[in-house]
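> Here it is, the structure, as structure tokens.
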Amino acid sequence: MNISKITLDVQEMKFNNGLKLLLLEDHNAPIVTFQIWYKVGSRNERPGITGISHLFEHMMFKGSQKIGPEEHSRKINAIGGRENAFTLWDVTTYYEVIPSEHLELAIFLESERLQNLNLVPQTLQSEREVVKEERRLRTDNDPVGLALEQLFAMAFMAHSYHWPIVGWMSDLDAITLNDCKEYYATYYAPNNATIIVVGDFKKKQALSMLKKYFGSIKNEAIPPEVTTKEPGQKGIRRGDVKVIAEAPIILAGFKTPPAADKDNYVLKVASSLLSNGESSRIYKSLIYDKQLAAEAGGEIFALKDYGLYFAYALVNPDAYIDEVEKYLINECERLKSDTIPEEELQKAKNQLEADYIFDLASVYGKAIQLGTAEIIYGNWQKVQEMPEKLQQVTANDIKKIAQKYFNKELLTVIRVIPEN
Amino acid sequence: MSRKKTVNKILPATKRIRFANGLTLILVEWHSLPMVHIKIMFKTGTIDVPPEKAGLAEAAVYLPSQGTDSKNAMEIAREIDFIGAKFNSKSREDASHISLTILKKHLHKGLALLNDVLLHPQFLTEELERWKKRTLSSLAQEKADPSITVSKKFKKFIFQSCPYGNYPIETTVHAISRTNVSDFYHSYYTPNNATIVIVGDVIPDEIVDEVNTLFSKWKPSELPPESVVEVSPPDHFTTQLINKDDLNQAQIRYGYITTNRNTPEFFPILLLNYILGGGGFSSRLMAEIRSNKGYTYGISSAFLLYKYSGIFVISTFTKNEIVFSMINEIRNQLHILKNNNVTEEELFAAKSYFKGSFAQKFERPETISDQLLYVELYQLPEDYFDTFKSNIEKVTIQDIKNAIEHFIHPDRAGIVILGKSNTYMNDMNTLGTVELKNYNDL
């Protein structure tokens with residue numbers, strides 16, 4: 001079967017201050033995305049200041065020497081652009097998607113807040129309240145959010161993936177302005193960042209603008225390593241979350257290897273077999289044949305230090321939760337002994353090939369793929385290598401990988417129990 | 001009609017054909033990647049469904065993929081999955097859609113599959129029952145999401161007896177029969193009520209014949225007459241409080257009935273809403289209520305304009321203790337707007353946003369097809385995109401003042417709040433009539 005080959009003509013560079021650049025021209029539409037990825041996220045935090053990465057991301061919008069609070073956003077909006085940021089376990093990313101002729105504005109604005117951020121008590125106080133509302137929205141009052149928080153907290157006992165990206169509420173109250181200043185000085189440095197530009201621009205011009213605004217920013221000491229290792233899991237871990245609701249939810253997470261590990265290619269195919277499309281194994285079993293769930297599926301969180309594959313089911317109100325859990329986990333475990341028929345394996349590969357192409361349809365999508373590969377998987381070229389690596393996966397690889405990871409010693413189960 | 005030239009190289013060239021059975025086909029070339037997006041829109045949705053059968057349009061657009069004359073649901077699913085396609089169906093207020101995103105090399109298989117699904121659906125009773133069970137299960141799960149729950153309740157509260165406010169509940173789902181689904185499908189999901197948009201790595205002339213061959217046997221039928229329900233807005237404040245004791249944050253929806261999509265004041269409304277609450281950090285509501293006061297993580301306003309009617313809504317959330325202050329601040333912002341109009345600077349920034357963001361609407365096959373279908377659905381002028389920027393540019397500060405006069409009403413609104421009601425019920429009583437409901441009784 002011939003695979004759709006996509007060549008990404010990325011120019012890779014590094015300034016003397018350690019700032020890495022990935023530039024990719026794409027002239028499909030008169031749009032460009034500018035993204036700056038900082039190698040810091042909740043994994044770099046410690047108890048007492050959990051959530052600081054995300055709270056700090058909010059502070060980055062509150063003004064600097066030359067730019068007022070939220071003026072960054074307003075300036076980007078005023079040219080018809082959109083901008084935002086996200087904080088994950090391993091990275092904090094800021095981005096703009098703008099008409100191509102305004103690339104310099106995005107470059108200037110990002111360089112300004114990297115160097116000259118205003119950190120003052122008033123904005124920390126109001127933004128702290130904003131983030132607490134965000135936590136109430138996405139976690140406290142959302143059963144799926146609560147369950148995911150519990151899953152990570154239970155699956156990871158020692159490593160910093162234990163706490164939620166948004167942070168514990170008491171830490172959000174406790175973080176001080178000095179904590180923010182120290183965090184800014186430690187992690188927001190050119191040698192801890194990668195800039196990705198994708199879209200309708202000329203490399204030469206972009207490079208001279210990047211040099212002008214970022215080239216002379218001083219590098220800093222290399223941030224401290226995350227040294228805590230997660231001890232081996234010795235058996236299944238279980239937790240219940242009781243909420244006022246009508247229907248249960250099950251999350252079943254198996255520990256998987258770090259993102260850079262090549263086992264992840266096989267896990268990706270396994271995950272596709274389990275839950276990509278209406279003919280996938282979990283969908284067919286739980287939703288179609290047995291009619292036990294409104295939604296069911298699975299996903300891999302491939303993170304820098306460890307991974308987690310989790311299967312989930314939004315269970316019918318009248319279904320017996322133990323039974324649904326058994327069927328859900330059984331679908332994962334069946335991969336240990338089943339020899340996947342050739343046609344089913346090919347289907348999963350075809351789906352991954354198509355998903356790969358679809359994900360590249362926008363300049364933002366392309367940059368996100370490059371950034372994820374570069375910062376989390378270790379090398380942007382993995383984006384290009386992916387389709388071929390996935391095609392090489394065999395039925396035997398799936399069996400071996402399932403035997404290695406889909407076993408109860410590595411399993412954590414969280415159940416949302418309705419309390420009506 | 002074919003569009004040859006492009007607007008500043010942004011708008012793709014389109015080819016538009018109407019077949020003998022009334023089916024409209026729009027083809028757009030997009031060669032950035034070897035993929036194609038196909039979207040079929042039917043001009044029907046919630047608006048055409050009787051209240052006691054709410055959910056019928058969803059069932060009718062979903063079930064064709066669950067069994068045809070020659071294939072059962074799993075065979076169709078395997079076929080879609082084997083070629084890595086993404087198949088979706090969805091029904092909204094005025095329109096229902098079926099879409100397929102596919103690699104170019106599988107285009108012919110994809111078109112044949114759509115032909116089978118659209119022209120030969122079986123509407124098996126077994127599959128209808130399966131849909132009902134899953135829909136009820138989804139509704140039970142959704143109920144735990146305060147944001148979704150309050151939005152549904154608010155729409156019903158404002159639209160009253162107008163079908164736009166209806167949504168499926170247990171009794172309406174149970175009331176849908178196989179005959180209902182089949183009749184609804186054959187009345188509304190017809191070629192003369194459909195538009196197919198194909199955007200992607202295709203040469204239009206090469207697939208027109210194929211589409212014609214595949215869909216020419218699709219029989220047209222006369223559309224049922226349209227029925228419209230007029231809704232009158234409240235002349236005071238009226239609030240529905242839904243109590244759920246375990247919530248530490250209240251979800252708030254505030255608004256009223258407003259005009260429809262074909263209002264001549266569409267462009268002033270677009271700009272006005274951006275300035276008030278549609279423009280993220282560039283809007284007044286975000287600046288005052290999130291950035292300055294820290295009351296919430298998000299607040300936005302929207303004019304949701306449909307074919308026959310629409311609603312103006314402000315959506316936000318805050319901890320229970322702040323609810324009444326939040327309501328007062330929203331009213332305060334509406335009063336300020338009513339009394340002072342917007343500034344020239346604000347209008348300039350809003351215009352710049354809509355002109356500058358125009359290109360982003362046409363970046364990907366999905367967004368291109370959505371734009372083209374929007375124009376089809378609301379029968380907007382043929383030159384809608386060509387004149388979009390000049391229509392934005394033409395709006396004056398006086399136009400905005402007029403729009404505020406017509407569409408901003410600080411002294412009356414319907415409000416729905418889902419949270420711990422006793423924290424703010426006494427305060428809300430001072431504003432107007434209050435109805436209290438229990439979450440468990442919804």
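The values are calculated or read from the model by the stated rules, or taken from the named source; none is laboratory data. Everything quoted here is computed from the prediction, not taken from an experiment. So basically every Cβ, Gly included, is an ideal-geometry build from the backbone, and we count neighbours across all protein chains shown. Remember, those area values only see protein heavy atoms, side chains included, never the ligands or the DNA or RNA. Shrake-Rupley method; radii C 1.70, N 1.55, O 1.52, S 1.80 Å.
> Summed for both chains, how many Å² of accessible area, to the nearest 100, are buried between B and A with a 1.4 Å probe?
Details: alone 20270 and 18360 Å², together 32820 Å².
Protein heavy atoms only, the B-A interface buries about 5800 Å².
> Provide, in order from the shortest bin, the percent of all Cα-Cα pairs of the range B:237-441 in each 10 Å bin, continuing until the bin that contains the maximum pair distance.
It works out to 8, 31, 33, 20, 8, 0, in whole percents.
> May I ask you to compute the full-extension gain from residue B:352 to residue B:210, defined as 0.36 nm times their residue separation minus their alpha-carbon distance, rounded to one decimal in nm?
On the way: separation 142, 0.36 × 142 = 51.12 nm, distance 4.24 nm.
46.9 nm is the gain from fully extending residue B:352 to residue B:210.
> Give the calculated FRET efficiency between residue B:221 and residue B:379 to the nearest 0.05, with a Förster radius of 22 Å applied to their Cβ-Cβ distance. All intermediate terms of the calculation are to be shown ahead of the outcome.
On the way: r = 21 Å, r/R0 = 0.93.
The calculated FRET efficiency here is 0.60.
> Work out, step by step, the length gained on full extension between residue B:160 and residue B:386: first 0.36 nm times the residue separation, then minus their alpha carbon distance; give nm to one decimal.
Values: separation 226, 0.36 × 226 = 81.36 nm, distance 3.77 nm.
Working it through step by step, the gained length comes to 77.6 nm.
> Consider just the alpha-carbon atoms of chain B and return their Rg together with their Dmax, both in angstrom.
When restricted to the Cα atoms of chain B, Rg and Dmax are 23.4, 68 Å.
> Rolling a 1.4 angstrom probe over the protein heavy atoms, how many square angstrom per residue are accessible across the protein assembly as shown?
Numbers: 32820 Å² over 862 residues.
Per-residue accessible area for the protein assembly as shown comes out at 38 Å².
> Right, something else. Working from the alpha-carbon coordinates of the protein assembly as shown, get Rg over Rh, Rh being the Kirkwood radius.
On the way: Rg = 26.9 Å, Rh = 28.8 Å.
Using only Cα positions, Rg/Rh for the protein assembly as shown is 0.94.
> Additional query: If R0 is 25 Å, what FRET efficiency do you get for residue B:440 and residue B:175 from their C-beta distance, rounded to 0.05?
Details: r = 23 Å, r/R0 = 0.93.
Once the sixth-power term is evaluated, E becomes 0.60.
> Once you compute Rg and the Kirkwood Rh from C-alpha atoms, what is the Rg to Rh ratio for chain A?
On the way: Rg = 22.5 Å, Rh = 23.0 Å.
Rg divided by Rh gives 0.98.
> Can you give the log10 of the normalised intensity I(q)/I(0) at q = 0.11, 0.14, 0.15 Å⁻¹, computed with Debye over equal Cα scatterers of the range A:301-420?
One equal scatterer on each Cα of the range A:301-420 leads to -0.54, -0.84, -0.94.
> Which angle from 0 to 90°, rounded to the nearest 10, does the C-alpha axis of helix B:365-377 make with the longest principal axis of chain B?
Around 80 degrees separate the two axes.
> Relative contact order for chain B using alpha-carbon pairs under 8 Å, separation at least 6, rounded to a whole percent? Spell out each step's value before the answer.
On the way: 780 pairs, mean separation 95.2, N = 442.
With pairs under 8 Å counted, the relative contact order is 22 percent.
> Could you look at the protein assembly as shown and say what percent of its accessible area is carbon and sulfur, using a 1.4 Å probe and all protein chains? Mind dumping the intermediate values first?
Working: 16280 of 32820 Å².
After summing per-atom areas, the C and S share lands at 50 percent.
> Within 13 Å, Cβ to Cβ, of residue B:237, how many net charges do the neighbouring residues add up to if Lys/Arg are +1 and Asp/Glu are -1? Let's see the in-between values first.
Numbers: positive: B:331, B:412; negative: B:235, B:411, B:427, B:435.
So the environment of residue B:237 carries a net charge of -2.
> For residue A:262 and residue A:407, what is the calculated FRET efficiency with R₀ set at 22 Å and r taken between the beta-carbons, to the nearest 0.05?
Values: r = 20 Å, r/R0 = 0.90.
Efficiency, rounded to the nearest 0.05: 0.65.
> OK, next. Run the Debye formula on the Cα coordinates of the range A:1-158, all scatterers equal and no solvent, and tell me log10 I(q)/I(0) at q = 0.09, 0.14, 0.15, 0.20 1/Å.
-0.40, -0.90, -0.99, -1.34
> Separate question: For the range B:371-442 and the range A:1-79, what is the separation of their Cα centres, given in Å?
34
> Arrange the peptides A:128-140, B:268-280 so that the one whose residues have, on average, the most other Cβ atoms within 10 Å appears first. List each step's numbers first, then the result.
On the way: A:128-140: 20.8, B:268-280: 23.7.
Answer by packing, highest mean first, reads B:268-280, A:128-140.
> Within the range A:38-60, list the residues whose amide N lies under 20 Å from a label point set 7 Å along Cα→Cβ of residue B:248.
Taking a point 7 Å out along Cα→Cβ of residue B:248, the residues of the range A:38-60 whose backbone N falls under 20 Å are A:47-56.
> Separate question: In sequence order, what are the phi-derived ³J(HN,Hα) couplings for the range B:119-135 according to the Karplus relation 6.51 cos²θ - 1.76 cosθ + 1.60 with θ = phi - 60°, rounded to whole Hz, with x for glycine and proline?
9, 10, x, 9, 6, 5, 4, 4, 6, 4, 5, 4, 4, 4, 4, 5, 4
> Moving to a separate point now. With θ set to phi - 60°, apply the Karplus curve 6.51 cos²θ - 1.76 cosθ + 1.60 along the range A:288-294 and write out the HN-Hα couplings as whole Hz, x wherever there is a Gly or Pro.
Rounded to whole hertz, the list is 7, 6, 8, 6, 9, 9, 6.
> Let me have the relative contact order for the range B:126-273, percent, based on Cα pairs under 8 Å that are six or more residues apart. Intermediate values should be presented prior to the final figure.
On the way: 65 pairs, mean separation 44.4, N = 148.
With pairs under 8 Å counted, the relative contact order is 30 percent.
> Please report, in Å, the Rg and the Dmax of the range B:2-215, where both are computed over Cα atoms only.
18.6, 52
> Quick one: pull the percentage of alpha-carbon pairs in the range A:11-57 with a separation above 12 Å. Mind showing how you got there, number by number?
Working: 791 of 1081 pairs.
Above the 12 Å cut-off, the range A:11-57 has 73 percent of its Cα pairs.
> Work out how much length residue A:238 to residue A:291 would gain on full extension: take 0.36 nm times their residue separation and subtract the Cα-Cα distance, in nm to one decimal.
Values: separation 53, 0.36 × 53 = 19.08 nm, distance 2.46 nm.
Taking 0.36 nm per residue and subtracting the Cα distance, the gain is 16.6 nm.
> Apply the Karplus parameterisation 6.51 cos²θ - 1.76 cosθ + 1.60, with θ equal to phi minus 60°, to every residue of the range A:381-392 and state each ³J(HN,Hα) to the nearest whole Hz, in sequence, with x for glycine and proline.
5, 4, 4, 6, 6, 3, x, 6, 4, 5, 5, 7
> Return the equivalent ellipsoid semi-axes of the range A:116-253 as a descending list in whole Å, where each equals the square root of 5 times an eigenvalue of the C-alpha gyration tensor.
Working: eigenvalues 267, 85, 69 Å².
Sorted largest first and rounded, they come to 37, 21, 19 Å.
> Below 29 Å, Cα to Cα, which lysines can residue B:420 reach? Residues fewer than 8 away in the same chain don't count.
Straight-distance partners of residue B:420: A:132, A:242, B:143, B:152, B:153, B:155, B:156, B:244, B:293, B:319, B:437.
> Across chain B, where is the longest run that never hits trypsin sites (Lys or Arg not before Pro) in a DSSP loop with at most 13 other C-beta atoms within 10 Å? Kindly include the intermediate steps, with their values, before the conclusion.
Values: sites that count: B:4, B:5, B:9, B:217, B:412.
After excluding every exposed loop site, the longest remaining stretch is B:10-216.
> Using protein chains only (no ligands, no nucleic acids) and a 1.4 Å probe, work out which residues of the range A:275-294 have their accessible area cut by at least 40 Å² relative to the chain alone.
SASA drop of 40 Å² or more in the range A:275-294: A:278, A:279, A:288, A:291, A:294.
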